[in-house]
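The structure appears below as C-alpha cells.
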Amino acid sequence: MVSANLLVTFILALVVVYAIPGPDMALILQTSIARGTRKGLTAAAGLAVSRATHVTLSACGVAALLKAAPWLYEIVRYGGAAYLAYIAIQIFRSPVFALKPESGAAATGDEGGALRQTFVKGLLTNLLNPKALLFCSVLLPQFIRPGAGPVAFQVTELGVILVILGALFDTLYAVGAARISGVLRKYPLAQTLQRWTFSAALIGFALRLSLD
C-alpha cells in the first residue's frame, strides 16, 4: 500500500497537472458550453476511460515500447495532432450553439447517437495523445516502493486515484462551463469568439504535439 505522505504528494502533483489548460480541458469546456452539461459529462466519461487505459498500458510496458520505437511514437503523435485539428475545424465550422438543449420527442431520437459520438471524442482526444501515456509511465513509478507491498496493487491504487481525480476536475469544468452558456446565448459576438478561441486553442495543442 502506498504511504500517506506519498499519496498526498501524488494528489498534489495531479491537481497541478489537471489545473493546467490542455486539449482535454478545452474539449470539456467547449462541449459543455455548446451542448450542455450532459454531453460535457459524457465527454468527461470518455476521458476517464482513456486515462484508465493509459494507466493499464503503462503497467503493461507499452509506454516503454513507445520510447524504444521512435517511429511508433511518431505515428501516434501525428495521429493525435491530426485528430485535435479535426475537432478544432468541426468546432470552427459549427453554427453558433447549433446543438441547443433539445426538448420533446424529437430530441430523443438521435440522443443516443450524439452521446456515443461525444464519448468517443473524449476517449480519442486523450487516447491518441502519447504524452498522456508517457506521463503515466513517468509519474507512477516515482510513487511506487517495492517494499511497501505488491507493485501491482500500488499501481492500481495510484491509477484509481489518477482517474477519479481527473473525473472530478472534468466534472467541475463541465458544470461550470454549462452555466456560462446561458450568458453566452444572449450575446452572438461572445458566442463567435468562444468558438474561435477553443478552435485556436485546439489547433495550438495540435501544433505543439506535432512539433515537440
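Between Ala68 and Ala148, what FRET efficiency follows from the Cβ-Cβ distance if R0 is 22 Å, with the result rounded to 0.05? Show your work: numbers first, answer last.
Values: r = 28 Å, r/R0 = 1.28.
Rounded to the nearest 0.05, the efficiency is 0.20.
Just to confirm a number: summing +1 for Lys and Arg and -1 for Asp and Glu over residues other than Met1 whose beta-carbon lies under 10 angstrom from that of Met1, what do you get?
Numbers: positive: Arg145; negative: Glu157.
Overall, the nearby charge balance is 0.
Whole-Hz ³J(HN,Hα) for each residue in the stretch 7-17, computed from phi via Karplus 6.51 cos²θ - 1.76 cosθ + 1.60 with θ = phi - 60°, x for glycine and proline: what do you get?
Rounded to whole hertz, the list is 5, 4, 4, 4, 5, 4, 5, 5, 4, 4, 5.
Measuring from label point to label point, each 7 Å out along Cα→Cβ, what is the Ala82 to Ala4 span in nm?
5.1 nm
Let's test the formula: R0 of 35 Å, r as the Cβ-Cβ distance of Val175 and Ser210. What FRET efficiency results, to the nearest 0.05? Show your work: numbers first, answer last.
On the way: r = 32 Å, r/R0 = 0.92.
That gives a FRET efficiency of 0.65.
For a paramagnetic label modelled at 7 Å from the Cα of Ile20 toward its Cβ, which residues of the stretch 147-163 fall within the zone defined by backbone nitrogen distances under 18 Å?
Residues 162-163 fall inside that zone.
Read the figures in this text as sums done on the coordinates, not as results from a lab. What you see is a predicted model; the values in this text were computed from it and never measured. We place every Cβ from the backbone using ideal geometry, glycine too, and count neighbours over all the protein chains shown.
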